[in-house]
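The numbers here are math on the coordinates, done by the rules we state, and not lab data. Only a predicted model underlies this, so the values are computations on that prediction, with no experimental measurement involved. Quick reminder, even Gly has a Cβ in these numbers, built from the backbone with ideal geometry, and neighbours come from all protein chains shown.
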Amino acid sequence: MSRITAGLVVWGLGLALALGLPGSVWRQAAPPGFPWAAVGPTILAVGTLSLLAPLVAWRGGPGLASRRSLALLEAPPDLLWAGLLLALWPAAWGPPGLGGWLVAFLVAALPGEARWLAQAMPAEHPFPQAWGRAAVNRVRWLVLLRLWGRWTTARLPVWLTATLVLERILGVPGLGTDWMTRVAVRDRAGLAGWILALALLWLLSHRLDREVA
Amino acid sequence: MRWRLAFLGGLLLPDLALDPFQGGLAATLRHPLGTDDLGRDAFLRLLLASARSLGFASACALLALTVGLLLAWRGRRLVGVWSALRSLPPLLFLLPLAAALDGLPALPLGLLLGLLIAPHLEPPMRARLEGFRHSPAWAAERTLGAPWPSILHRWSPWAWQQAVALFPSAWLAALWGEATLSALGLGPGPGQDSLGRLLAEELPRLGSDPSPLGWAALAAVLALAWTSTPGRRPQGAA
């Protein structure tokens with residue numbers, strides 16, 4: 001059985017589990033609609049992250065992966081950033097809302113993503129370092145361009161988890177909360193949609209992985 | 001690894017006695033962080049909650065390492081399965097499950113966390129074991145037809161040594177997994193005090209009515225994160 005087939009079997013089982021999710025809610029209600037209002041802020045957050053992280057990795061190069069300062073920023077869990085934001089947010093400004101969520105998301109995810117990219121970059125010694133700064137920058141740019149697709153598809157579920165934790169702590173409804181709500185209200189069709197989307201991401205990251213290799 | 005394993009003892013520590021008439025006291029020399037709403041010394045509670053969280057994470061990490069070792073050694077034909085399981089972060093699976101069940105008790109949570117972290121340890125573990133699998137030592141064992149108990153007796157310390165290098169990352173993943181679930185009110189019940197539970201109680205009031213215990217819990221999480229940062233974490237073991 002090939003890797004892809006074995007993986008698809010797992011996703012198929014996940015789909016079957018979603019469609020046959022046991023239990024029912026005490027008071028049957030229509031499943032909630034998809035939170036379209038959260039799509040814009042999510043695209044903004046993911047877009048900013050997917051531009052900032054490669055930029056940081058491009059500036060820092062593969063050496064960034066072993067930098068202690070970045071590891072220290074990456075180490076605290078998402079809930080700590082949300083907690084700090086809640087603690088330091090002036091009460092007079094009202095709840096942190098989407099702006100606070102965006103800041104917490106970027107602070108929580110950026111160091112880890114920059115390090116992920118830096119770790120995946122090839123060593124630069126002796127070449128292209130010997131060819132000068134311009135060559136180094138050019139090679140980094142090309143590498144990041146090849147990595148970008150694989151990186152975003154592989155990391156989207158991790159970002160979804162981060163946003164779910166932040167949404168719950170900061171009280172902002174979003175895509176992460178939607179995934180959780182569909183389990184709570186036993187919306188089997190909606191949950192199956194989520195599983196299919198995650199399976200598609202996995203499949204895509206595998207195909208891109210093979211292309212890069 | 002040893003200092004982390006020492007905290008397994010924290011799981012056996014008794015609860016602090018409640019004294020509601022002494023609740024909400026300010027910080028004094030006798031109670032350096034004051035007392036919580038139920039009259040427990042906040043400093044002692046922070047120490048106890050931290051010890052239990054660390055012990056819980058150590059137990060989960062041990063389970064994850066053992067399962068990860070088995071997957072890396074025996075599950076080579078199913079790498080696609082482990083890859084698919086890895087693509088779903090443990091918390092993305094655990095959070096809705098815990099919400100649907102109104103919280104997860106300590107034992108099922110520990111088992112699930114350990115089992116969900118294990119696939120993330122499989123690739124680095126496989127990379128470590130692959131060299132041995134192709135070595136003359138392993139070929140000799142197979143050629144001579146040594147019985148499994150003697151092979152295990154000879155090689156399991158070495159295999160465990162390989163696994164131990166991955167212990168800190170598994171430990172951190174388990175620690176933050178439990179803390180996040182508990183901080184969101186979806187972890188073990190009040191019987192299992194932990195850092196996450198402290199945060200669940202203190203986070204909502206940090207902005208308006210902060211207590212020394214809330215700040216101390218945040219500082220403890222930050223200190224733990226910074227002191228336990230492994231040099232290189234296996235990718236995806238978030």
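Peptide A:142-152 is shielded by partner chain Cβ atoms: per residue, an average of 0 of them sit within 10 Å of its Cβ. To the nearest ten degrees, helix A:133-170 and the longest principal axis of the Cα atoms of chain A are 20 degrees apart.
For chain B, set up a GNM with springs between Cα atoms under 10 Å and report which of B:LEU199, B:LEU218, B:LEU13 has the largest fluctuation. Comparing B:LEU199, B:LEU218, B:LEU13 in a Gaussian network model of chain B, the most mobile one is B:LEU13. As a proxy for reagent exposure, ranking A:ILE43, A:ILE4 by other Cβ atoms within 10 Å from fewest up yields A:ILE43, A:ILE4. Would you tally the net charge around A:THR161, using a Cβ to Cβ cut-off of less than 12 Å, leaving A:THR161 out, and scoring K and R as +1, D and E as -1? Around A:THR161, the charge tally is 0.
About the Cα centre, and with charges only on the beta carbon of Lys, Arg (+1) and Asp, Glu (-1), how big is the dipole of segment A:39-184? Nearest 20 debye, please. The calculated dipole for segment A:39-184 is roughly 500 debye. Note down the relative contact order for segment B:2-228 as a percent, whole number, built from C-alpha pairs under 8 angstrom at least six residues apart. Taking the mean separation of contacting Cα pairs over the length of segment B:2-228, I get 25 percent. Of the residues A:ILE169, A:ILE195, B:ILE151, the one with the fewest other Cβ atoms within 10 Å heads the list, and the complete ranking is B:ILE151, A:ILE195, A:ILE169.
Quick check for you: which residues of segment B:71-112 have the amide N under 16 Å from the point 7 Å beyond the Cα of B:ARG133 toward its beta carbon? Under cut-off, by backbone N: B:71-83. As a proxy for reagent exposure, A:THR5, B:THR35, A:THR181 were ordered by neighbouring Cβ count within 10 angstrom, fewest first; the result is A:THR5, A:THR181, B:THR35.
Using the alpha-carbon atoms, what tilt in degrees (0 to 90, nearest 10) does helix A:175-184 show relative to the longest principal axis of chain A? That works out to roughly 40 degrees. In this simple spin-label model, placing a label point 7 Å from the Cα along the Cα-to-Cβ direction at both A:VAL9 and B:ALA27 gives a separation of 5.8 nm. Placing +1 on the Cβ of every Lys and Arg and -1 on the Cβ of every Asp and Glu, with no other charges, gives segment B:2-228 a dipole of roughly 1220 debye about its Cα centre. For chain B, list the DSSP H helices whose alpha carbon atoms reach 18 Å or more along the long axis and whose average Kyte-Doolittle value is 0.0 or above? Those that clear 18 Å and a mean of 0.0 are B:42-74, B:106-133, B:167-183, B:212-227. Once the convex hull of all Cα atoms in the protein assembly as shown is built, its volume per residue stands at 183 Å³. Distance between the 7 Å Cα→Cβ label points at A:ALA29 and A:ALA197: 2.1 nm. I'd like the distance between the alpha-carbon centres of segment B:157-202 and segment A:33-48, rounded to an integer number of Å. First find each Cα centre; the distance between them is then 30 Å. Compared with the dominant Cα axis of chain A, that is its longest principal axis, helix A:78-88 is turned about 80°. Relative contact order, whole percent, for segment B:108-213 stands at 26, derived from Cα pairs under 8 Å and 6 or more residues apart. Entry note, the protein assembly as shown: the mean residue ellipticity at 222 nm calculated from DSSP H runs of n ≥ 4, each adding -39500 (n - 2.57), is -23000 deg cm²/dmol after division by the residues and rounding to the nearest 500.
Rounded to the nearest 0.05, the FRET efficiency derived from the C-beta distance between A:ARG186 and A:ALA130 at R0 = 45 Å is 0.15.
Put a plus charge on the Cβ of each Lys and Arg, a minus charge on the Cβ of each Asp and Glu, and nothing anywhere else: the dipole of the protein assembly as shown about its Cα centre is then about 1760 debye.
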